[in-house]
Amino acid sequence: MNFLSSDDFSRSAFDRVLEIGQAIDKGGEELALKTKSVLVLYFEKPSTRTRLSFEVAMAQLGGSSIYLDPSTTQRSRGETLGDTARMLGRYSDFIAARLYSHNDLLEMAQNSQVPVINALTDLEHPTQALADVYTILKHKKRFKGLKIAIVGDVANNTANSLMLTASKLGAEISLVGPKEYPPNPKYLSKAMEYSKVVVGNSLTEGLEDADIIYTDTFVSMGQEAEAEKRKKDFAPYQVNGKVVSMAKETVMVMHCLPAHRGEEITNDVIDGPKSIVWDQAKNKLLMNKALLLYISEQA
Ligand code: CP
Ligand code: NVA
């Protein structure tokens, strides 16, 4: 089984992964991979959290991991992605790939005989969304009746995966960003099948009664050429003290990190009492373990 998109998992699959995460969090069970497994991390783009949390997850589950920078492999000399995936799958038990193009990820999965996990592409970041929903459940105890406002770039990988995952679990989603950067229609219509999703450009309207404010960079990896324009266009959607005060008094602020302090979020908010970003980042380790255990229990 692969985890290429947040839509690959049913509601009950998410419930099971969350349950494994909770069991690990409680520390009550000895959880380990049944066989000594190897995870290959094949990363075209930089990473701090995703790489480290997968490597530590494998070490703590009794397996091991190997990090491959494609520029140091024969891929850099023209070996095809398909042939590369065939090789990775012959030496390992899982592949976690961080790629520029989501289509390349699909091609890897087609050619791999072991499960492929999306560790971020231009379209999705499903392992991030797992950590996000775990964090939300831990702090807010429910999804039903909960309003999650995604502010700023509502069309990027983290927004796409969070809107699919959280809507499938029953939360209401409010997408608030500039008119010129609408949500990806494919992800929006999917999420609307699962729950209530409202799209708007007004912060006061979009944040009214919000329980969670979620933001991410204005310039994702791969968008560097448009950086200056994007920073200007998204500036009115900075999550600052005034914006936070538009939501519920009990609102909590999330960010997948890395943060660009002073751009999409201000220091007083990310370092303030409503911020749960460090717990959210920590939960990537927990939920990567839960995901690896879930995939191995399906095999
Ligand atoms: N949130 C996240 O995916 O961070 P990294 O880019 O550091 O892995
Ligand atoms: N949207 C960001 C997420 C980084 C973890 C990016 O793709 O750069």
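Look at Val154 and say whether it is touching a Leu at 6+ places or on another chain (Cβ under 7 Å) and either in a helix (DSSP H, G or I) or away from ligand 2 (no atom under 16 Å from the Cβ) (or both). Spell out the reasoning first.
On the way: touching a Leu at 6+ places or on another chain (Cβ under 7 Å): yes; either in a helix (DSSP H, G or I) or away from ligand 2 (no atom under 16 Å from the Cβ) (or both): no.
No.
Go through region 184-224 and count every residue that is in contact with a helix residue (DSSP H, G or I) (Cβ under 7 Å, 6 or more places away or on another chain), part of a loop (DSSP other than H, G, I, E, B) and not aliphatic (A, V, I, L, M).
Adding up the residues that qualify gives 7.
In region 53-76, how many are within 15 Å of ligand 1 (Cβ to nearest atom), over 13 Å from Ser37 (Cβ atoms) and either touching a residue at least 40 places away in the same chain (Cβ under 8 Å) or in a loop (DSSP other than H, G, I, E, B) (or both)?
Total meeting the criteria: 3.
The rows are residues; the columns are (1) in contact with a strand residue (DSSP E or B) (Cβ under 9 Å, 6 or more places away or on another chain); (2) of a type in the set (Asp, Glu); (3) more than 16 Å from ligand 2 (Cβ to nearest atom); (4) modelled with pLDDT of 95 or more.
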site: Ala13; (1), (2), (3), (4): no, no, yes, yes
site: Val38; (1), (2), (3), (4): yes, no, yes, yes
site: Arg77; (1), (2), (3), (4): no, no, yes, yes
site: Asp83; (1), (2), (3), (4): no, yes, yes, yes
site: Asp93; (1), (2), (3), (4): yes, yes, yes, yes
site: Ser101; (1), (2), (3), (4): no, no, no, yes
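If Met163 passes every condition in (1) surrounded by fewer than 24 Cβ atoms within 10 Å (Cβ to Cβ); (2) within 21 Å of Gly21 (Cα to Cα); (3) more than 16 Å from ligand 1 (Cβ to nearest atom); (4) under 15 Å from the mean Cα position of the chain (by Cα) but one, which one does it miss?
The single condition Met163 does not satisfy is (1).
Name the residue, out of Glu79, Glu124, that is outside any helix (DSSP H, G or I) and farther than 27 Å from Val277 by Cβ. Walk me through how you get there before you give the answer.
Numbers: Glu124 fails: farther than 27 Å from Val277 by Cβ.
None of the other options fit; the residue is Glu79.
May I ask you to verify whether Leu130 is outside any loop (DSSP other than H, G, I, E, B), surrounded by fewer than 24 Cβ atoms within 10 Å (Cβ to Cβ) and either at pLDDT 95 or above or of a type in the set (Val, Ile, Thr) (or both)?
Details: outside any loop (DSSP other than H, G, I, E, B): yes; surrounded by fewer than 24 Cβ atoms within 10 Å (Cβ to Cβ): no; either at pLDDT 95 or above or of a type in the set (Val, Ile, Thr) (or both): yes.
Judged against the criteria, Leu130 is not a match.
Residue check: is Ser174 outside any strand (DSSP E or B), at pLDDT 95 or above and hydroxyl-bearing (Ser, Thr, Tyr)? Step through it out loud before you land on a result.
Numbers: outside any strand (DSSP E or B): no; at pLDDT 95 or above: yes; hydroxyl-bearing (Ser, Thr, Tyr): yes.
No; evaluated as a whole, the condition is false for this residue.
Give the number of residues within region 133-149 that are within 15 Å of ligand 1 (Cβ to nearest atom) and in contact with a strand residue (DSSP E or B) (Cβ under 9 Å, 6 or more places away or on another chain). Can you show your working first?
The first filter runs over region 133-149 and keeps only residues within 15 Å of ligand 1 (Cβ to nearest atom), leaving 133-135.
From the residues that got through so far, the ones that are in contact with a strand residue (DSSP E or B) (Cβ under 9 Å, 6 or more places away or on another chain) too are 135.
Total meeting the criteria: 1.
So, of the residues in region 215-256 that are of a type in the set (D, E, K, R), within 30 Å of Gly145 (Cβ to Cβ) and exposed (fewer than 12 other Cβ atoms within 10 Å of the Cβ), which turns out to be farthest from ligand 1 (Cβ to nearest atom)? Can you show your working first?
Just the residues of region 215-256 that are of a type in the set (D, E, K, R), to begin with: 216, 224, 226, 228-233, 242, 248-249.
Subset that is within 30 Å of Gly145 (Cβ to Cβ): 216, 242, 248-249.
This time we only want the ones that are exposed (fewer than 12 other Cβ atoms within 10 Å of the Cβ), so: 242, 249.
Details: Lys242: 26, Glu249: 28 Å.
Per the criteria, the residue is Glu249.
So which residues in region 131-151 are under 16 Å from the mean Cα position of the chain (by Cα) and among the small types (Gly, Ala, Ser)? Explain how you work it out, then say what you get.
The initial filter retains those residues of region 131-151 that are under 16 Å from the mean Cα position of the chain (by Cα), namely 131-137, 148-151.
Residues satisfying the conditions are Ala131, Ala149.
Within the group Thr35, Thr48, which residue is within 16 Å of ligand 1 (Cβ to nearest atom), among the polar types (S, T, N, Q) and exposed (fewer than 14 other Cβ atoms within 10 Å of the Cβ)? I'd like the intermediate steps shown before the answer.
Details: Thr35 fails: within 16 Å of ligand 1 (Cβ to nearest atom).
Every option except Thr48 fails the conditions.
Every residue, every condition in (1) within 16 Å of ligand 2 (Cβ to nearest atom); (2) farther than 24 Å from Ala131 by Cα, yes or no:
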position: Pro183; (1), (2): yes, no
position: Lys190; (1), (2): no, no
position: Met221; (1), (2): yes, no
position: Glu226; (1), (2): yes, yes
position: Pro236; (1), (2): no, yes
position: Lys242; (1), (2): no, yes
position: Val253; (1), (2): no, no
position: Thr266; (1), (2): no, no
position: Val269; (1), (2): no, no
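Find all pairs meeting these conditions: Cβ atoms under 7 angstrom apart; at least six residues apart or on different chains; first residue within region 119-132 and under 12 Å from Leu99 (Cβ atoms) and away from ligand 1 (no atom under 12 Å from the Cβ); second residue outside any helix (DSSP H, G or I) and not β-branched (Val, Ile, Thr).
As it stands, the answer is Asp122/Tyr100; Asp122/Ser101; Asp122/Gly222, since those pairs meet every condition given.
The values are calculated or read from the model by the stated rules, or taken from the named source; none is laboratory data. The structure presented is a predicted model; accordingly, all values stated were derived computationally and were not measured. Here Cβ is always computed from backbone atoms with ideal geometry, including for glycine, and neighbour counts include all displayed protein chains.
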